[in-house]
1. Yes or no: the range 281-301 includes at least one residue that is touching a residue at least 60 places away in the same chain (Cβ under 8 Å) and under 26 Å from residue 129 (Cα atoms).
2. Name, by its number, the condition in (1) assigned by TED's automatic domain parsing to the domain that holds residue 365; (2) at positive phi that does not hold for residue 43.
3. Out of the range 74-97, which residues are within 30 Å of residue 166 (Cβ to Cβ) and buried (at least 24 other Cβ atoms within 10 Å of the Cβ)?
4. Just checking, which of 84, 143, 117 is within 23 Å of residue 428 (Cβ to Cβ) and touching a helix residue (DSSP H, G or I) at 6+ places or on another chain (Cβ under 8 Å)?
5. Among the numbered criteria (1) closer than 19 Å to residue 82 by Cα; (2) part of a loop (DSSP other than H, G, I, E, B); (3) at pLDDT 95 or above, which single criterion is violated by residue 43?
6. Just give me the residues in the range 309-342 being in a loop (DSSP other than H, G, I, E, B), over 25 Å from residue 146 (Cα atoms) and either more than 21 Å from the chain's Cα centre (by Cα) or modelled with pLDDT under 95 (or both), in sequence order.
7. Output the qualifying pairs, or none if there are none: Cβ atoms under 7 angstrom, residues six or more apart or on different chains, first residue in the range 260-277 and free of Cβ contacts under 8 Å to residues at least 40 places away in the same chain and in the same structural domain as residue 297 (by TED's automatic domain parsing), second residue in a helix (DSSP H, G or I) and crowded, with 17+ Cβ neighbours inside 10 Å.
8. Residue 210 - would you say it is part of a helix (DSSP H, G or I) and under 14 Å from residue 330 (Cβ atoms)?
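The values are calculated or read from the model by the stated rules, or taken from the named source; none is laboratory data. The structure presented is a predicted model; accordingly, all values stated were derived computationally and were not measured. So basically every Cβ, Gly included, is an ideal-geometry build from the backbone, and we count neighbours across all protein chains shown.
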């Protein structure tokens, strides 16, 4: 059996096995998009490139048999750069959003499409759980947030955005009005003690997420009640009972609140460092004037931190919210609380803190008017709520009262979502490897293909703009006795996967539809979300 070396490590493989097989035996994650074990390698994507040391040749590892004595380079800067270029070339012709525009528009990066799908199914229990994965105070934000997510909604340029903020508020209001408001499950107790200084929106959000992570949290504030600026800055928009209702949920989770405790007066930073595993300071804009007395560095806007980790440079001390920004939207403060909590969670567990970074996403960009019709066919017509927004009408009789939509009305509004984000997000090989290799989807700009959905009324959807012609679905469908099959149609750069004889995707794939969808490396094939 041949023996080869990959990055100076020897491995033995069976006769006929490839360099890719050898790499996988060594645990090397060579990226592949057009390859699936058990099927003929098409070597078309070129992301599995390796370099032969002796000849200097660069070739796809999935189609090259291992030859005894072969020396291969895989995990080098040169090879990684070649793989990155291959990924960028594929992305230059990719028509799809990994993440919906509303995700990037929302500072808290809530999974808005998931929430809308839950509401569309009238599953409000799942909807509130989805919301609270990212937003600790949804009923509050439903009243005071300026709705940046709706400004980013792709549908806003056509017949008005999906009423994301009002739908979120509706779900949260219904939850608070129930006999048992949703309380998330907390992870196993870690024994770590964390103090959050300041019980405004940042502190409340941080305490919520830290408690979910299993830590013991004490929330301290100089005031006699939690809420901070939420109690003073929004007298007309935010009823006290709504704010208190969401605070009560956080306290019910096991977060302790100590009122009338002031950092620098009742306790010192040194006291807290001695008693707690981590300290998060989020007392608002006054932090800039006080931070120097606590021995913390000051920036132009507030306490100086490492922007990616919320660390202040002082042992075990973190800062977030308006304590570092001076002034910011409530939704930004809530987002800071979530992100700071994630950093502190890693810190107290002895892990390296993962800096906050924008996730990789291919983005379709601006949609021309003539193409919008194709997108609009994804969602329902504008409906009552959208018409009210267009006409400037108030949806509820008073913003001070809970706004509870009937289930079917909320479902209709949520189903106006155009499903911009990719259903394969998180399970897409192209997305995964583009993120891993730092691929720039805009590096090779070109006039993109039009957005098209094939078989949109059926149970299996095909998006040609996401297809990389890997041939896997063709090979799999050819194995089935009940499938009509697929084939390449067109020539040159216009070659695409097609269904013969104008048949449906269901007829083309037959009983192997699920296998084809699972094998698809880019989310170009998937089951319709609207099918039962």
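1. Yes, the range 281-301 has at least one match.
2. Answer for residue 43: the failing condition is (1).
3. Hit for the range 74-97 is 96, nothing else.
4. Checking each option against the conditions leaves just 117.
5. Only one criterion is unmet by residue 43, namely (3).
6. Those that are in a loop (DSSP other than H, G, I, E, B), over 25 Å from residue 146 (Cα atoms) and either more than 21 Å from the chain's Cα centre (by Cα) or modelled with pLDDT under 95 (or both): 312, 313, 314, 315, 316.
7. Taking only residues 6 or more apart or on different chains, the pairs are 264/290; 264/294.
8. No; evaluated as a whole, the condition is false for this residue.
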